[in-house]
Structure formats: C-alpha cells, structure tokens
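Asker: Below you will find the structure I want to go over with you.
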Amino acid sequence: AAHLLRIANSPAFCGTSPVVSIQQAVTRLGASHLRQLAVVIACETRAFEAPGFEADVRAVFRHSLAVALCAREIARQRRANVEAAFLAGLLHDLGWPVVIQGLSRVARGAPLSRDAVLERAELLHASLGGAVARAWKLPEAVALAIVGHHDAAPDDPLTATVAFADALAQHAGGSPWPEERLLALP
C-alpha cells in the first residue's frame, strides 16, 4: 500500500491534490498501470532477493525495470501486446537472483567466490528464468522471451522486442553497444 501511494503521488502521476487512500491511488493510476505496478512491487520485494548480493540484485532489478519500460514502448510502437512486453522485459533477468539464491543454498559448506557465483548467474540466468516463468504458469511467449533475450537473431517478435529493449537499457545505463551491433538487431 505504501509503495502504491508513493507512486500515485509521484511527479509522473501527480494531480491537483495528494492521494491519501488506496481507492484514490487506484482511480488515479488506472487498471493498466496498477497491474504493471503490482508486478513491479512484487518483484522488487520478493523475487529479486539474494542475501549477500543485495547490490548486484538491486542493479539487475533496476536494469530489468528499464528493459520493461523500453519493451512496453517498443511494443506500443509496433502495435503489439504491451502487457506481455512489459512483463517479459521485467522478468528477463529473473534467473539472476534464482541462480544466486540456489548457489548460496547448495554451497553453504564450501562457499563459492563472489566472482564464481556471478559468472554462473551470467551463464544460467536465461534458462533458469524461463523455467521459473513456466513454473509460474506465465504465457509461453514470455518464457521464450526470457530464455532467448540474448539470442543474436530471435525468432519471435516478443523475444526480439525484449532483446532490443535490453540493448537500449544497457546503452542508456552506461554500457553502450557498438553502433554496428545495435543495427544488427532484428
């Protein structure tokens, strides 16, 4: 509730008077924004957790949120499913905290180095993120986009949207891609 009230009173949604109740927040934000914000809040507070790696997972979450916003706008321009693009973009790196959490549990007796954990997360995050999406019974297109977001030439439009949004978010976040790599994206 506190997250929702804070967002409804943010400059992006502010009106002439402050929102003081959940009912006012729901009215101001609208159903579409409310659904997206509920998923973001749930991810931020539960799915993107990994004790000992808080800063890393926080950075992954911020990047994922940027990808979700970019994917939503790309989908809007293409007249594609905006909700699916937002969800796939938000969850495209869900595998990162899953790998980190799993390795933390498995390696309690012989802990892995921080670098080793992050290296394995880089290698496994897409496939494990897709497995989590399937376990959560999300649409198969979302799971495929999560699995394939690093593919050089994605087969389906949602995966291509998430891959392009990922590149744009990385570029805007200070990790610019060479122009020829950006132009090679389908």
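Asker: So for the pair Gln170, Ala12, with labels modelled 7 Å out along Cα→Cβ, what separation do we get in nm?
Answerer: 2.4
Asker: Need one number: nm distance between label points at Ser104 and Arg120, each 7 Å from Cα along Cα→Cβ, rounded to one decimal.
Answerer: It works out to 1.4 nm between the two label points.
Asker: Tell me the GluC sites (Glu not before Pro) within region 47-82 that lie in a loop according to DSSP and have at most 16 other beta-carbon atoms within 10 Å. Before the final figure, lay out the partial values.
Answerer: Values: sites: Glu49, Glu54, Glu73; in loops: Glu49.
Qualifying residues, ordered by number: Glu49.
Asker: For Ala184 and Asp156, what does the FRET efficiency come to when R0 = 22 Å and r is the distance between their Cβ atoms, rounded to the nearest 0.05? All intermediate terms of the calculation are to be shown ahead of the outcome.
Answerer: Working: r = 18 Å, r/R0 = 0.81.
Approximately 0.80, to the nearest 0.05.
Asker: Then there's this: At 1.4 Å probe size, with no ligands or nucleic acids counted, give the accessible surface of Val60 in Å², nearest ten.
Answerer: Taking all protein chains as shown, Val60 has close to 20 Å².
Asker: Would you kindly derive the ³J(HN,Hα) couplings of region 118-129 from the backbone phi angles with the Karplus curve 6.51 cos²θ - 1.76 cosθ + 1.60 (θ = phi - 60°), listing them in order in whole Hz, with x for Gly and Pro?
Answerer: 5, 5, 5, 4, 4, 6, 9, 4, 5, 5, 5, x
Asker: When the distances between all Cα atoms of region 110-185 are binned every 10 Å from zero, what whole-number percent does each bin get?
Answerer: Result returned by the calculation: 18, 39, 33, 10, 0.
Asker: Suppose the chain between Ala59 and Arg134 were pulled fully straight at 0.36 nm per residue; how much longer would it get relative to their current alpha carbon spacing?
Answerer: Details: separation 75, 0.36 × 75 = 27.00 nm, distance 2.43 nm.
Length gained, Ala59 through Arg134: 24.6 nm.
Asker: How high is the FRET efficiency between Ser21 and Gln77 when r is their beta carbon distance and R₀ equals 35 Å, given to the nearest 0.05?
Answerer: Approximately 0.50, to the nearest 0.05.
Asker: Could you calculate the FRET efficiency of Ser127 with Leu5 from 1/(1 + (r/R0)^6), where r is the beta carbon distance between them and R0 is 41 Å, rounded to 0.05? Could the numbers behind the result be given before it?
Answerer: Numbers: r = 38 Å, r/R0 = 0.92.
Plugging the Cβ-Cβ distance into 1/(1 + (r/R0)^6) gives 0.60.
The values are calculated or read from the model by the stated rules, or taken from the named source; none is laboratory data. The model shown is predicted, which means the values in this text are computed figures rather than measured ones. Reconstructed Cβ throughout: ideal geometry from the backbone, glycine too, with neighbour counts over all protein chains shown. Surface accessibility is based on the protein's heavy atoms, side chains included, excluding ligands, DNA and RNA. Shrake-Rupley method; radii C 1.70, N 1.55, O 1.52, S 1.80 Å.
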